[in-house]
1. Step by step: first the residues of the range 14-51, then only those that are in contact with a Lys or Arg (Cβ under 6 Å, 6 or more places away or on another chain) and among the hydrophobic types (A, V, I, L, M, F, W, C), then the one that is farthest from ARG77 (Cα to Cα). Which residue is that?
2. For residues that are polar (S, T, N, Q) and either part of a helix (DSSP H, G or I) or within 15 Å of the chain's Cα centre (by Cα) (or both), scanning just the range 79-103, find the one that is surrounded by the fewest Cβ atoms within 10 Å (Cβ to Cβ).
3. Consider the range 27-41. How many of its residues are open to solvent by less than 70 Å² (accessible area, probe 1.4 Å), outside any strand (DSSP E or B) and without any contact (Cβ under 8 Å) to a residue 40 or more places away in the chain?
4. Of all residues in the range 42-63, count the ones that are over 15 Å from ASP97 (Cβ atoms), assigned to a helix (DSSP H, G or I) and either open to solvent by 90 Å² or more (accessible area, probe 1.4 Å) or touching a residue at least 40 places away in the same chain (Cβ under 8 Å) (or both).
5. Enumerate the pairs (first residue in the range 1-20 and charged (D, E, K, R); second residue anywhere and assigned to a loop (DSSP other than H, G, I, E, B)) with beta-carbon separation below 8 Å, excluding pairs fewer than 6 apart on the same chain, so at least 6 apart or on different chains.
6. Take the range 1-26 and flag every residue that is within 18 Å of the chain's Cα centre (by Cα), polar (S, T, N, Q) and open to solvent by 80 Å² or more (accessible area, probe 1.4 Å).
7. Please go through the range 36-77 and give me each residue that is farther than 17 Å from ARG92 by Cα and basic (Lys, Arg), ordered by number.
Amino acid sequence: MSRRLSAIDIGSNAIRMMIADVSENSPTLHVVKKFRAAVRLGHDVFTEGLITPSTIESAKAAFHQYAETNKKEHVVRCRAVATSACREAKNRQHFVDEIFKSSGIKIEIIDGGEEGRLIHQAVRNEIDLDSKKKHAD
């Protein structure tokens, strides 16, 4: 028996979503689809300190599409995380609230430690790190 899940990564230069089937008997993922929306939160935040209204509208459009895709693909759980650009935005809560109002998707703003853990987990899922030889320099 498997469950269909999606993950959304709100980064500085894009908002990405991956849909995967996860088996209860195996820790591996079977990736079903990947999506990318070129929404550049970082440009706004790192130059102006906040996410501009036009970028919020672009993000809302992307999240609306992702919410529709989740329904169509029978996703049972979606986790959306935002990283440094959103963390540093003065209007991050307004951004999170607007996305939730328009799509029903809740965004979790994660700290650098959790971001690193998730990156490690994603790499570990793609590469069998345990079977690689450790080299002493």
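The values are calculated or read from the model by the stated rules, or taken from the named source; none is laboratory data. All values reported here derive from a predicted model rather than from experimental measurement. Cβ coordinates were reconstructed from backbone atoms using ideal geometry, including for glycine residues, and neighbour counts include every protein chain displayed. Note: accessible area is taken over every heavy atom of the protein model, side chains too, but ligands, DNA and RNA are not part of it. Shrake-Rupley method; radii C 1.70, N 1.55, O 1.52, S 1.80 Å.
1. Among those residues, the one meeting the criterion is LEU50.
2. Checking each candidate, the answer is GLN93.
3. Number satisfying all stated conditions: 1.
4. 8
5. ARG3/GLU24; ARG3/VAL76; ARG4/GLU73; ARG4/HIS74; ARG4/VAL75; ARG4/VAL76; ASP9/THR83
6. Passing the criteria: only ASN13.
7. Answer for the range 36-77, where residues must be farther than 17 Å from ARG92 by Cα and basic (Lys, Arg): ARG36, LYS71, LYS72, ARG77.
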